Amino acid sequence: MEAFNSKDLAMKAQKKILSSMANKSTVQRFIDDTTSEILDELYRVSKEYTGNKGVAQKVIKNLIKIAVKIGVLFRNNCFSEEELKLAQEFKKKLHTGAMTAISFYEVDFTFDKTVMSDNLTECKDLLLKLVNSHLTSKSHDRISHVFNHYSDPQLLTKLYDPSGPFRPHLTKICLGLNKLVEDGTI
């Protein structure tokens with residue numbers, strides 16, 4: 001097993017944003033253990049799907065950078081009331097997506113790539129609206145890169161193939177998502 005760790009990537013992203021506060025305990029404020037495990041599985045899925053370690057690392061690195069930046073914006077009360085409503089809408093859409101992902105995993109042959117892809121696209125659009133005036137176009141590109149990658153219908157189809165090679169990854173992802181849903185995180 002290779003030594004990829006999403007917490008380390010999150011720490012690198014945090015160093016850029018919070019240079020003097022870059023330490024492991026600060027990163028844990030933004031990304032918990034369950035989320036980190038999900039990110040590690042998403043990395044493995046991306047690496048196996050693309051056959052390219054660098055591409056997979058870039059997707060996860062972009063995801064972590066965005067999560068940390070949004071966390072910083074939220075913790076510093078940078079969002080207006082209207083933007084906070086968008087954030088709630090995003091959280092609801094993410095929750096719906098997580099519940100749908102879990103349901104598709106638990107009940108074989110119910111997977112619908114269009115439903116999953118559309119949900120991820122709607123999440124992307126809401127997130128872009130939320131950060132529109134707060135983050136640079138480079139960050140917007142990162143958001144698009146991550147969501148476009150994971151909403152790829154071919155990737156989703158391979159991920160949800162009940163006898164496919166990604167099934168162990170999907171199992172771990174859905175166990176993590178279920179925990180986050182139960183905890184009220186998403």
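Rank these residues by their accessible area, most exposed first, probe 1.4 Å: Asp152, Asp112.
Asp112, Asp152
Mind running the shape call on region 33-183? Use the C-alpha gyration tensor, a ≥ b ≥ c as the square roots of the eigenvalues: rounded below 1.5 for a/c, prolate if a/b tops b/c, oblate otherwise. Walk me through the numbers before you get to the answer.
Working: a/c = 1.85, a/b = 1.50, b/c = 1.24.
Here region 33-183 falls in the prolate category.
Taking the Cα centroid of region 51-94 and of region 109-131, what is the distance between the two, rounded to the nearest whole Å?
Between the Cα centres of region 51-94 and region 109-131 lies a distance of 14 Å.
Mind grabbing the base-10 log of I(q)/I(0) for region 47-92 at q = 0.26, 0.30, 0.32, 0.34 Å⁻¹? Debye formula, identical points on the C-alpha positions, no solvent, two decimal places.
-0.89, -1.03, -1.08, -1.11
If R₀ is 22 angstrom, what is the calculated FRET efficiency for the pair Glu106 and Thr34, using the beta carbon separation as r and rounding to 0.05?
Details: r = 18 Å, r/R0 = 0.83.
The value I calculate is 0.75.
Let's test the formula: R0 of 35 Å, r as the Cβ-Cβ distance of Thr157 and Asp125. What FRET efficiency results, to the nearest 0.05?
Details: r = 22 Å, r/R0 = 0.64.
It comes to 0.95.
Any chance you could run the full-extension gain for Thr171 through Asp141? It's 0.36 nm times the residue separation minus the Cα-Cα distance, nm to one decimal.
Values: separation 30, 0.36 × 30 = 10.80 nm, distance 2.93 nm.
My answer for the length gained is 7.9 nm.
Once ligands and nucleic acids are excluded and a 1.4 Å probe is used, how much of Val107 is accessible, expressed in Å² to the nearest 10?
Answer for Val107: close to 70 Å² accessible.
Glu81 accessible area, nearest 10 Å², 1.4 Å probe?
It works out to around 130 Å².
Order 162-170, 143-151 from most to least packed using the mean count of other Cβ atoms within 10 Å.
On the way: 162-170: 14.2, 143-151: 19.7.
Most protected by this proxy first, the peptides run 143-151, 162-170.
The values are calculated or read from the model by the stated rules, or taken from the named source; none is laboratory data. Computed from a prediction, not measured in an experiment: that's the story for all the values here. Quick reminder, even Gly has a Cβ in these numbers, built from the backbone with ideal geometry, and neighbours come from all protein chains shown. With ligands, DNA and RNA removed, areas are computed over all heavy atoms of the protein, side chains included. Shrake-Rupley method; radii C 1.70, N 1.55, O 1.52, S 1.80 Å.
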